[in-house]
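The structure appears below as structure tokens.
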């Protein structure tokens, strides 16, 4: 069975590396522990993070992430911090390339309409989102 690629999008700037990774790692665990299908996650802060400053230019980061985004089968975006320009750009690129987008947001009516409309569905909690991914994208 082919590996399924999931891109984990969400704000990085202004957060510690631990905070950037926390929701992503929790979601990865929820999904991986409940499926036998091979899943590969692209977790941006594991490669480049503003808190570690391990890149020379922002262009390097942008091109690397966009290249990985184009190879993704699904984008999961944390919309709880909706002022991230990079996140909005990743969503626009995914939407334009017909890559499904699932959002995670505590209260979807606070989002800019275009962010909400870009998502195929928005969930209020990680467990519900993970169950949906497993049932609808990772079925055997």
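Any read-out appearing in this document is the output of simple, stated calculations on the displayed coordinates, not a laboratory observation. The structure displayed is predicted, hence computed values, not measured ones. We place every Cβ from the backbone using ideal geometry, glycine too, and count neighbours over all the protein chains shown.
A few remarks follow.
- Counting neighbouring Cβ atoms within 10 Å and putting the fewest first, the residues 64, 7, 42 line up as 64, 42, 7.
- Dividing the mean sequence gap of close Cα pairs (under 8 Å, 6+ apart) by how many residues the chain holds gives a relative contact order of 29 percent.
- In summary, the convex hull built on the alpha carbon positions of the chain has an orientation-averaged projected area of 8.0 nm².
- Calculated FRET value between residue 92 and residue 60, using beta carbons and R₀ = 25 Å, to 0.05: 0.80
- Each helix, a run of at least 4 DSSP H residues, gives -39500 (n - 2.57); summed and divided by the residues of the chain, these come to -12500 deg cm²/dmol at 222 nm.
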